[in-house]
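See below for the structure under consideration.
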Amino acid sequence: MMAIVNRTPDSFYDKGATWAEDAAFQRVDLVVAQGAEMVDIGGIKAAPGVEISAAEEKARVVDFVARVRETHPGVVISVDTWRAEVADAACVVGADVINDAWGGADPELVDVAAAHAAAIICTHTGGVQVRTRPHRIEYDDVVAAAIADTTAYAERALAAGVARESIVIDPAHDFGKNTFHSLEITRRLSEMVDTGWPVLVSLSNKDFVGESLDKPVGERLLGTLAATSVCALAGARIYRVHEVVETRQTVDMVWTIAGRRPPTRAIRGLA
């Protein structure tokens, strides 16, 4: 589980609930206690909004990453950024993963990951500009495009010196996609899994869930968990989430049904 920690005043989901540093740190404590193996710390919301400079983004995340690293030495820290200079500063103080939500907009991110022996998450955004919403975007085959772009990004990271086991691909639901695209990605996620690269999915409270069920942001948990079940059955490995406990139980149950995980206890009919 990769738990989301927003160091922003305007997140679409929590509306700035973890903007204050102490509130964000309490969130880290909570999700670690709930069993999250990773925390994903971001300093800029993905949607359009006020321009945030690299200096401001670093001010929001770098010292916070250092604080989390000191207090939780065993947790894997991801920094959600598309800027190489921000990623570099975060890795210096202890970040383990660069979560590039914008598909290689800064080509130097792979070099930063290699220099720090960090992992990198390679996303598919369809070439849209950073912090823009898709508008009438079209694909001949959205899954084929996602596979082509993320695996090419993964190969570029590998060539730059990032360890193969430290490279993850992400179809990036909603990013550069309309709801029909995100639904197709979900249905056909096994095709991405079949590439052999570990797959991350970020489904939590996304617009494709809300539009599918006509639900606002605060009422999308059940739809999120349904989509999570489909992706878990397909073999997704990492789940970027707001709700750690609910997602963990969902994924564990699906993996147990699929035979990839034994039941925690199985005494029915035996005792």
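Every read-out reported here was derived from the displayed coordinates using simple, explicitly stated rules and does not represent laboratory data. Being a predicted model, the structure only gives us computed values, none of them experimental. Don't worry about glycine lacking a Cβ; one is built from the backbone with ideal geometry, like all the others, and counts go over all protein chains shown.
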Counting sequence-distant residues (5 or more places) and residues on other chains, those with an amide H built under 5 Å from that of Asn205 are Thr224
The simple spin-label model distance between Ala266 and Arg248, using points 7 Å out along Cα→Cβ, in nm, is 2.2 nm
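Rounded to the nearest 0.05, what FRET efficiency is calculated for Arg69 and Tyr13 with R0 set to 22 Å and r the Cβ-Cβ distance? Could you put the intermediate results ahead of the total?
Working: r = 25 Å, r/R0 = 1.11.
Efficiency, from the Cβ-Cβ distance: 0.35.
Could you grab the Rg to Rh ratio for region 2-257? Cα atoms only, Kirkwood for Rh.
Value, to two decimals: 0.93.
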Selected from Arg136, Arg67, Arg220 as most flexible by GNM, with the chain as the system and alpha-carbon contacts under 10 Å: Arg136
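When the dipole is taken about the Cα centre of region 1-107, and only Lys, Arg (+1) and Asp, Glu (-1) are charged at their Cβ, what size is it in debye, to the nearest 20? Please report the intermediate quantities before stating the final value.
Details: 9 positive and 18 negative charges, 36 e Å.
The dipole of region 1-107 has a size of about 180 debye.
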Name the helices (complete DSSP H segments) of the chain with a Cα length along the long axis of 24 Å or more and a Kyte-Doolittle mean of at least -0.5, or state none. 54-71, 142-160
Hey, for a label at Ala226 modelled as a point 7 Å past Cα toward Cβ, could you say which residues of region 1-21 have their backbone N under 12 Å away? none
Helix-only mean residue ellipticity at 222 nm for the chain, each DSSP H run of n ≥ 4 adding -39500 (n - 2.57), per residue, nearest 500: -13000 deg cm²/dmol
Hey, how many Å between the Cα centroid of region 127-179 and the Cα centroid of region 88-115? 16 Å
Chain lengthening between Glu51 and Glu21 when straightened (0.36 nm per residue, less Cα-Cα): 8.7 nm
Assigning unit charges at the beta carbon (Lys, Arg +1; Asp, Glu -1) and nothing else, what dipole magnitude in debye, to the nearest 20, does the chain show about its Cα centre? 840 debye
For Ala3, list long-range residues whose amide hydrogen, built 1.01 Å from N in the peptide plane, is under 5 Å from its own amide hydrogen. Met38, Val39, Asp40, Val241
Identify, among Gln249, Ala157, Val199, the residue whose Cα sits farthest towards the positive end of the charge dipole of region 133-271, taking +1 on the Cβ of Lys and Arg and -1 on the Cβ of Asp and Glu, with the dipole about the Cα centre. Gln249
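Express the relative contact order of region 2-257 as a whole percentage, based on alpha carbon pairs under 8 Å and six or more residues apart in sequence. It would help to have the intermediate numbers written out before the result.
Numbers: 486 pairs, mean separation 39.7, N = 256.
After rounding, I find 16 percent.
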Please name which of Cys122, Ile4, Ser229 has its Cα lying farthest along the dipole of the chain towards the positive end, using unit charges on Cβ (Lys, Arg +1; Asp, Glu -1) and the Cα centre as origin. Ser229
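With viscosity set to 1.002 mPa s at 20 °C, what whole-number translational diffusion coefficient in µm²/s follows for region 30-161 from Stokes-Einstein and a Kirkwood radius over Cα pairs? Don't skip to the answer; put the middle values down first.
Numbers: Rh = 15.5 Å.
For the chosen part, D equals 138 µm²/s.
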